[in-house]
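The values are calculated or read from the model by the stated rules, or taken from the named source; none is laboratory data. Because the structure is predicted, anything quoted here is derived from the model rather than measured. Here the Cβ positions follow ideal geometry from the backbone for every residue, glycine too, while neighbour counts run over all protein chains shown. What goes into the accessible areas is simple: the full protein's heavy atoms, side chains included, and nothing from ligands, DNA or RNA. Shrake-Rupley method; radii C 1.70, N 1.55, O 1.52, S 1.80 Å.
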Amino acid sequence: MAYHFFDISRINFRLLIPVLSMLLIAGCSEPPQVNRGDHPIPEDAVIADCEPGQYGGIFIINESSPPKTFNFLVPGDLSTNAIQGKFYASLVKFNPRTERVGPYLAKSWEVSDDSQTFTFHLRKGVKWSDGAPFSADDVVFTFDLIFADEADPKTGKLRPIFPSRSYEEMKVNGEKPIYTKLDDYTFQVSLPSVFAPFLLSMEDVLILPKHKLGFSLEDRSFFKQWSTQTAIEHPEEIVSLGPFVLNSYRPGERLVFTPNPHFWKFDTNGQRLPYLDYLVYKFVSESNTETVHFATGQSDASGISAADLDWIKRGEEIYDFTVYEKGLSSSISFFWFNQHLGADEDGKPYLPAHKKRWFTDKRFRQAVQTGFNRKGIIDALFFGKGEPLNSMIPSSRGAWHNPNLPTYEYDPERAKTLLREAGFSWNGAGHLIDTQGVPVEFELLAVDGVAAADTISVTFVENMKDLGMTVKLAKVDFVTLLAKTDETFDYDLTFLSWGSTSAGYDPGGSKALYLSSGIYHQWYPEQLEPATEWEARIDQLFLEQESTLDLEKRIANIHEIQAILAEELPMLYIFSAYAYVGVQNKWQNIFIPKTGSLFWNVEEVWTSEPDA
């Protein structure tokens, strides 16, 4: 028997892609039918400002994080939001080419002289993917869901029936806007005062179908609608206003989109977009696999870590792709200690007394930040292609960034001095103890299966050991982490990445994090009243800046907020890395935005090599 050895690096996966792609889509059955529909062009159709292309092609994206929900008001993650963006649509949309908010489902709008009333004129002739007409009733229904609330029986204060980020972010100085349908194609919003980022915030309001989900507002079952189970069993129930419709979803394997036959955007040749036949998300076990698949020609586009940049670029010619640098990412990463002062239903405090003493003392938090070797992590993970963060707003955000902040350079001796000033000391065994002799021990909660998270976690544990602290590492899946940090508050310390398209251009997009009442005020969310004076000051500054159109005033307030956060350190900043993205060269109409998703204009993407 002869044995033949070969080098897998010499296999040209590009030759196998057409076959593998169809097998991926079809599984053991026939590929799904592409139904572009022979429907009339809507009266107010959008004509795309792009090079006309041709139909065909399969665009494959690898994803390590499956969607948590297909209901946009149910809290999810960035991957979930990206997938939802393929079948939802909003009244307005940010255009990365112009860096301005432009029309989308709304063809135009007027603003009153006092800048508080916005009248949106909706596109006529637009239909949902099931053929039902889109109208102002859908917009009103969406707002009704966002702002549905009731009195809390314990506090008497209003609380959302369907808690979401939008409930807080769309309020102005704590007041809900007044909205109304003027006619079938006119929707008006009146704000209680000027709200500078209003139009940018409207991009995050994805319109929901009243004809499909209207009942769920009445019986309060809305959060049960359009779940992952719906996508698995009845994908046709998830109707679309976006460029694609959900064809099938197999958890752990793939998600397949096909063109929306009623999509209302056309090219200059009269072809209904999108051009793609199939948009496929292939789910892989970890982010490293995403990278390897792209680098070997098995997917069409991918974000690329600075750590992988050099070896991936070596394959550009072999696998016919290009890697683009986007600059320093607008996304950030940070730790936070649990500072929730509340208790569970049985009256048991979320934090034991000794941890409350530690975690709510800013000197303790400053010591931890100073004793954490962030530069070492950047060198280890990204070969120096990144910057330690000193603010919620990275330097890539231009004038919004405050450059005059403390930097908390890695200095273990300085960290020990801060701990002594806070009353901590070390016992004979070198363990850090507090003023009551309690050893400093806590648990770090981290997402399992993410290589970067492993490096960050291990470095943090070792750095804290050098300060005499015992940190136990607990790895959990992302859903469990969210449950612990957002629902049960059963955790000590964790970390995550934060970023959104709107927040990348205006800090107003992170309102739910800045405000003490915010659902994403991570260290102590949804406070009834600010727990500290500094949080009250941030609330005041933030609400002031969003209530003026004076850009210099807005920037000044945001700078002061950053200074307060840098002093109090409720978030212990990690880093912001340089961002890169790779795309197969066969795809046309690709425009790389400064921030946000590469796929912002996926309906315009096409190839002259659909079978390649």
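Got at least one residue in region 129-149 being part of a loop (DSSP other than H, G, I, E, B), surrounded by fewer than 15 Cβ atoms within 10 Å (Cβ to Cβ) and aliphatic (A, V, I, L, M)? Quick ask: steps written out before the conclusion?
We begin by selecting, within region 129-149, every residue part of a loop (DSSP other than H, G, I, E, B); these are 129-132, 134-135, 148.
Now narrow it down to the ones that are surrounded by fewer than 15 Cβ atoms within 10 Å (Cβ to Cβ): 131, 148.
In the following step, the residues that additionally are aliphatic (A, V, I, L, M) were identified as 148.
Scanning region 129-149 turns up at least one residue that is part of a loop (DSSP other than H, G, I, E, B), surrounded by fewer than 15 Cβ atoms within 10 Å (Cβ to Cβ) and aliphatic (A, V, I, L, M).
Filter region 201-210 for residues that are in a loop (DSSP other than H, G, I, E, B) and open to solvent by less than 50 Å² (accessible area, probe 1.4 Å) and give the result. Steps first, answer last, please.
To start, the set of residues in region 201-210 that are in a loop (DSSP other than H, G, I, E, B) comprises 203-205, 207-209.
Within region 201-210, E203, V205, I207, L208, P209 meet the criteria.
Consider region 226-238. How many of its residues are open to solvent by less than 20 Å² (accessible area, probe 1.4 Å), part of a loop (DSSP other than H, G, I, E, B) and under 22 Å from V34 (Cβ atoms)?
Number of matching residues: 1.
Only one of F223, F198 is under 29 Å from R250 (Cβ atoms) and either open to solvent by 30 Å² or more (accessible area, probe 1.4 Å) or touching a residue at least 60 places away in the same chain (Cβ under 8 Å) (or both). Can you tell me which? It would help to see each step written out before you state the result.
On the way: F198 fails: under 29 Å from R250 (Cβ atoms).
Checking each option against the conditions leaves just F223.
For region 226-246, which residues satisfy the criterion of being in contact (Cβ under 8 Å) with a residue 24 or more places away in the chain and farther than 28 Å from Y55 by Cα?
Listed by number, the residues that qualify are W226, S227, T228, T230.
Go through region 530-544 residue by residue and tally those that are modelled with pLDDT of 95 or more, surrounded by fewer than 19 Cβ atoms within 10 Å (Cβ to Cβ) and not hydrophobic (A, V, I, L, M, F, W, C).
Matching residues across region 530-544 total 5.
Here are L217, L241, L213: which of them is more than 26 Å from Q540 (Cβ to Cβ), modelled with pLDDT of 95 or more, open to solvent by less than 10 Å² (accessible area, probe 1.4 Å) and in a helix (DSSP H, G or I)? Before the answer, list the steps.
Working: L217 fails: open to solvent by less than 10 Å² (accessible area, probe 1.4 Å); L241 fails: in a helix (DSSP H, G or I).
Result of the check over L217, L241, L213: L213.
Please enumerate the residues belonging to region 526-551 that are touching a residue at least 40 places away in the same chain (Cβ under 8 Å) and not hydroxyl-bearing (S, T, Y). Give the derivation first.
Applying the first criterion (touching a residue at least 40 places away in the same chain (Cβ under 8 Å)) to region 526-551 yields 528, 531, 543, 545-549.
Those that are touching a residue at least 40 places away in the same chain (Cβ under 8 Å) and not hydroxyl-bearing (S, T, Y): L528, A531, L543, Q545, E546, L549.
If you check I433, I393, I332, I377, which single one turns out to be out of contact with any helix residue (DSSP H, G or I) (no Cβ under 9 Å at 6 or more places or on another chain) and either among the charged types (D, E, K, R) or closer than 26 Å to L496 by Cβ (or both)? Break it down into steps so the answer makes sense when it comes.
Values: I433 fails: either among the charged types (D, E, K, R) or closer than 26 Å to L496 by Cβ (or both); I393 fails: out of contact with any helix residue (DSSP H, G or I) (no Cβ under 9 Å at 6 or more places or on another chain); I377 fails: out of contact with any helix residue (DSSP H, G or I) (no Cβ under 9 Å at 6 or more places or on another chain).
Step by step, each of I433, I393, I332, I377 is checked, and only I332 is out of contact with any helix residue (DSSP H, G or I) (no Cβ under 9 Å at 6 or more places or on another chain) and either among the charged types (D, E, K, R) or closer than 26 Å to L496 by Cβ (or both).
Would region 552-575 turn up any residue that is open to solvent by less than 40 Å² (accessible area, probe 1.4 Å), touching a residue at least 60 places away in the same chain (Cβ under 8 Å) and of a type in the set (F, W, Y)?
yes
Could you list, in sequence order, the residues of region 507-549 that are over 17 Å from I564 (Cβ atoms) and of a type in the set (V, I, T)?
Once the filter is applied, which keeps residues that are over 17 Å from I564 (Cβ atoms) and of a type in the set (V, I, T), region 507-549 yields I519, T548.
Looking at region 69-99, which of the residues that are charged (D, E, K, R) and at pLDDT 90 or above is surrounded by the most Cβ atoms within 10 Å (Cβ to Cβ)? Explain how you work it out, then say what you get.
Kept after step one, since they are charged (D, E, K, R), are these residues of region 69-99: 77, 86, 93, 97, 99.
From what's left, at pLDDT 90 or above: 86, 93.
Working: K86: 21, K93: 18.
Once the filter is applied, the top-ranked residue is K86.
When the residues of region 582-599 are filtered to those that are in contact with a Phe, Trp or Tyr (Cβ under 7 Å, 6 or more places away or on another chain) and at pLDDT 95 or above, which remaining residue is nearest to K375 (Cα to Cα)?
Among them, the one singled out is G582.
When only residues in region 565-612 that are of a type in the set (V, I, T) and assigned to a loop (DSSP other than H, G, I, E, B) count, which is farthest from Q271 (Cα to Cα)?
Pass one, region 565-612, residues of a type in the set (V, I, T): 574, 581, 583, 590, 592, 595, 602, 605, 607.
Within this subset, residues satisfying the condition of being assigned to a loop (DSSP other than H, G, I, E, B) are 574, 590, 592, 595, 605.
Values: I574: 47, I590: 18, I592: 24, T595: 29, V605: 13 Å.
Restricting to residues being of a type in the set (V, I, T) and assigned to a loop (DSSP other than H, G, I, E, B), the top hit is I574.
Evaluate the following for G518: is it of a type outside the set (A, V, I, L, M, F, W, C), modelled with pLDDT under 95 and in a helix (DSSP H, G or I)?
no
Here are some conditions: (1) modelled with pLDDT under 95; (2) within 28 Å of the chain's Cα centre (by Cα). Q369 meets all but one. Which one does it not meet?
Tallying (1) modelled with pLDDT under 95; (2) within 28 Å of the chain's Cα centre (by Cα), Q369 fails exactly one: (1).
Residue by residue through region 274-290, note down the ones that are under 26 Å from the mean Cα position of the chain (by Cα) and more than 30 Å from D448 (Cα to Cα).
P274, L276, Y278
Tell me which residues, restricted to region 352-373, are open to solvent by 10 Å² or more (accessible area, probe 1.4 Å) and touching a residue at least 60 places away in the same chain (Cβ under 8 Å).
Narrowing region 352-373 to residues open to solvent by 10 Å² or more (accessible area, probe 1.4 Å): 352-357, 360-363, 366, 373.
Within region 352-373, H354, K355, R357, D361, K362, Q366, N373 qualify.
Considering each of K124, K107 in turn, give the residue that is among the basic types (K, R), closer than 21 Å to H39 by Cβ, open to solvent by 40 Å² or more (accessible area, probe 1.4 Å) and touching a Leu at 6+ places or on another chain (Cβ under 8 Å). Walk me through how you get there before you give the answer.
Working: K124 fails: touching a Leu at 6+ places or on another chain (Cβ under 8 Å).
Just a single option satisfies the conditions, and that option is K107.
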